[in-house]
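The values are calculated or read from the model by the stated rules, or taken from the named source; none is laboratory data. Because the structure is predicted, anything quoted here is derived from the model rather than measured. Positions of Cβ are generated from backbone atoms using ideal geometry, with glycine treated the same way; all protein chains shown enter the neighbour counts.
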Amino acid sequence: MRDMKQWGSLVVSMVLLALISGTAWAHKASDSFIYLNQDRAEIRIDVALRDVAVALPLDRNGDRQLSGAELRAGRDRITRWVEQGVTLSSAQVDCRLTGQQWGLSSHSDGLYAAGLYTISCPDGATPDTLTYNLLFSQDPLHRGLISLESDGASTLGVVGPDSRQLALSAGDAPGSLQLFGTFLYEGIIHLLIGLDHILFLLVLMLPATLRKNDGSTPVGLKQRLWELTGIVTAFTAAHSVTLALAALGIVRLPIAWVETIIALSIAVAAMNVMWPILGRKTWKLAFGFGLIHGFGFASVLGDLTSGVSQTVLALAGFNIGVELGQLGLLVIAFPLLYLWGKTHLYGKAVVPLTLIAVGAISLYWVAERAMAI
């Protein structure tokens, strides 16, 4: 009866893993970028072409990409859709947006439809509220990332399904503490929707949960916790370094290559658990691949915070948020895997099948992402 229950748990686990792989989000989530300059009364709105294709029926040939001809034919629809989804107001009266330029902009994850507008509010007032309603019905994880220039100072903001308005007046604009808290929260969310990062952490964690003592795998709980601490510390240190370098604009890599290598790193890490061709020092593997994962995390901040004085504060909040999300996953997952690791079935079937499934999903991502390079 115990074996039947264990096999049942195994089947449920593998089914869940297969299901979540169908909604495999990369590190670069669905974001739009809004650059609002109050001093010049201008706003630029950038929306990813892949998101435009989801929201509007412009993809005539069904290839899930928008060609130049499809974009030109759909320009009026795209413009009206954006103008209806982004509203500026002053004293609860809507301001008028007048289009100045329209075209494409390039961000770390590809091409965006970009529109530049001048802002005209009643009686020449300055907008005090921005309301954002794009894409939330298509993607509840979507975010609008906002860079605000006012009186020569720069600040950042984020709007989402539960907070669709951003106060723009000087007294209500996000302060340092609020900005830190906003990006701390976004860091947690960014990790939790990044299935590739979660699977990589799972693979790194598995050796510390195995019961069998083969001379390299610790047996006691204390030893296992020390091993896990070393792995997490190495991974955290590595991706924190490259996250900072990329977000500050010191080093930038093409996100398509980064995401492809991230997927490949998961497959290699899974293979290394079964056949340790790269050695049994898992913390070294975590550090090496953590460097490339950091560039994946930085894709959001790097696109938004370039030249913004509060970059360091946003970076600190975002990075700490990522670490808190990571710690939360480990606190929940490790005790469960540790207890499961005491069963005979765990090492003989659960771990091998999990590694095979993770490896297969990762290689699928590699092929899928390589096609976009």
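Below, the figures for the structure above:
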read-out	value
Some residue of segment 292-303 being of a type in the set (Ser, Thr, Tyr) and modelled with pLDDT under 85	yes
Pair list, Cβ under 7 Å, 6 or more apart: segment 265-279 residue surrounded by fewer than 21 Cβ atoms within 10 Å (Cβ to Cβ), other residue not in a helix (DSSP H, G or I)	ASN272/LEU278
Exclusive hit being in contact (Cβ under 8 Å) with a residue 60 or more places away in the chain, surrounded by fewer than 19 Cβ atoms within 10 Å (Cβ to Cβ) and not aromatic (Phe, Trp, Tyr), set SER150, SER137, SER169	SER150
